[in-house]
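Inspection log for the structure reproduced underneath, given as structure tokens.
The values are calculated or read from the model by the stated rules, or taken from the named source; none is laboratory data. The structure presented is a predicted model; accordingly, all values stated were derived computationally and were not measured. Note that each Cβ is placed from the backbone with ideal geometry, even for glycine, and that neighbours are counted across all protein chains shown. The protein model used for the area step is the full one, side chains on, heavy atoms only, and it has no ligands, DNA or RNA in it. Shrake-Rupley method; radii C 1.70, N 1.55, O 1.52, S 1.80 Å.
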Amino acid sequence: MDVQLTRAGELVVVHDHDLTELTGQSTSTAELTPADRQRLRLNGTDQRIPTLVEVLERVAGRVPLLIELKRPSLSLNFDLVDEVFRQTAGYPGRYAVESFDPLLVAALRVAVLRMPPHRRVPVGRICGLLRSAGPVTRMVGRSMASNLVTRPDFLAYEVGGFPSGLTAWWRRRGVPVIAWPVVSPEQELFARQFADNIVFSGYRPSRGKDLAS
């Protein structure tokens, strides 16, 4: 799940930086107020954008969580990292954190190393070809140079970029690779040649017992 920090200080679970398509109202996630969040509905349903606290309460440790930290631009403001770890401090379940943003990955790594050993969680870096992204985002997303410094515990790599010599290099050094987004059984078979685990999208795999990591 994707987590973003609003200017009002709420951690919301939503993918898009611009909520126009999702809610029918032109507003950015960063500018979303608590009142807006209560009022807006998702794609004509009765559902609204939840906070991270609400999602954690609903899941309650029953399944592991993969939390992606997102922000609209690269910056040296790491309030998002601090707030995620503040809100997950007492969470009873297993979870990992990840980001496209190498600066956030670095901040996540520093924050985790400052934690007591029993609270430390895996930190991942998301990479890929990102053909539809802007040039800066695409360049950042394709580069793995920062991994030499941040030393992610795992990589999440866009399935359309396989086979990848860079991910194979990291995998040989013991860094697990997760393929995303896998949308069909055929693509799953392809991805399993290059990845240790899979982010599924749009279909339910038939071999759920094979997916636990």
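For every residue, the table says whether it meets (1) open to solvent by 70 Å² or more (accessible area, probe 1.4 Å); (2) in contact with a strand residue (DSSP E or B) (Cβ under 7 Å, 6 or more places away or on another chain); (3) under 21 Å from Val3 (Cβ atoms); (4) part of a helix (DSSP H, G or I).
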{"residue": "Glu98", "(1), (2), (3), (4)": "no, yes, yes, no"}
{"residue": "Arg109", "(1), (2), (3), (4)": "no, yes, yes, yes"}
{"residue": "Ile126", "(1), (2), (3), (4)": "no, yes, yes, no"}
{"residue": "Val140", "(1), (2), (3), (4)": "no, no, yes, yes"}
{"residue": "Leu155", "(1), (2), (3), (4)": "no, yes, yes, no"}
{"residue": "Trp169", "(1), (2), (3), (4)": "yes, no, no, yes"}
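What number of residues within segment 83-96 are in a helix (DSSP H, G or I) and either surrounded by 13 or more Cβ atoms within 10 Å (Cβ to Cβ) or polar (S, T, N, Q) (or both)? Show your work before the answer.
Kept after step one, since they are in a helix (DSSP H, G or I), are these residues of segment 83-96: 83-87.
This time we only want the ones that are either surrounded by 13 or more Cβ atoms within 10 Å (Cβ to Cβ) or polar (S, T, N, Q) (or both), so: 83-85, 87.
Total satisfying the criteria: 4.
Would you be able to say whether some residue in segment 160-177 is under 15 Å from Glu68 (Cα atoms) and either at pLDDT 95 or above or not charged (D, E, K, R) (or both)? I'd like the intermediate steps shown before the answer.
Going residue by residue through segment 160-177, those that are under 15 Å from Glu68 (Cα atoms) are none.
No: segment 160-177 contains no residue that is under 15 Å from Glu68 (Cα atoms) and either at pLDDT 95 or above or not charged (D, E, K, R) (or both).
Taking Leu130 as meeting all but one of (1) over 17 Å from Phe194 (Cβ atoms); (2) outside any loop (DSSP other than H, G, I, E, B), write down the number of the exception.
Leu130 satisfies every listed condition except (2).
How do the pairs read when you match residues in segment 175-195 that are more than 11 Å from Tyr157 (Cβ to Cβ) and assigned to a strand (DSSP E or B) with residues anywhere that are open to solvent by less than 20 Å² (accessible area, probe 1.4 Å) and among the acidic types (Asp, Glu), using Cβ under 6 Å and keeping only pairs 6 or more apart or on different chains?
Cβ pairs passing all conditions: Val182/Glu188.
Restrict the check to segment 36-53 and report whether at least one residue is touching a His at 6+ places or on another chain (Cβ under 6 Å), closer than 28 Å to Asn197 by Cα and touching a residue at least 40 places away in the same chain (Cβ under 8 Å).
First, pick out the residues of segment 36-53 that are touching a His at 6+ places or on another chain (Cβ under 6 Å): none.
No, that holds for no residue.
Give the residues of segment 18-34 that are open to solvent by 70 Å² or more (accessible area, probe 1.4 Å) and closer than 22 Å to Leu80 by Cβ, sorted by residue number.
Result: Asp18, Glu31.
Phe100 passes all but one of (1) closer than 17 Å to His15 by Cα; (2) at pLDDT 95 or above; which number fails?
(2)
So Ser213 fits all but one of (1) at pLDDT below 90; (2) part of a helix (DSSP H, G or I); what number is the exception?
(2)
Looking only at segment 27-75, how many residues end up being under 21 Å from Gly124 (Cβ atoms) and out of contact with any Lys or Arg (no Cβ under 6 Å at 6 or more places or on another chain)? I'd like the intermediate steps shown before the answer.
Narrowing segment 27-75 to residues under 21 Å from Gly124 (Cβ atoms): 52, 55-56, 59, 61, 63-75.
Cutting the leftovers down to out of contact with any Lys or Arg (no Cβ under 6 Å at 6 or more places or on another chain) gives us 52, 55-56, 59, 61, 63, 65-75.
Here the count works out to 17.
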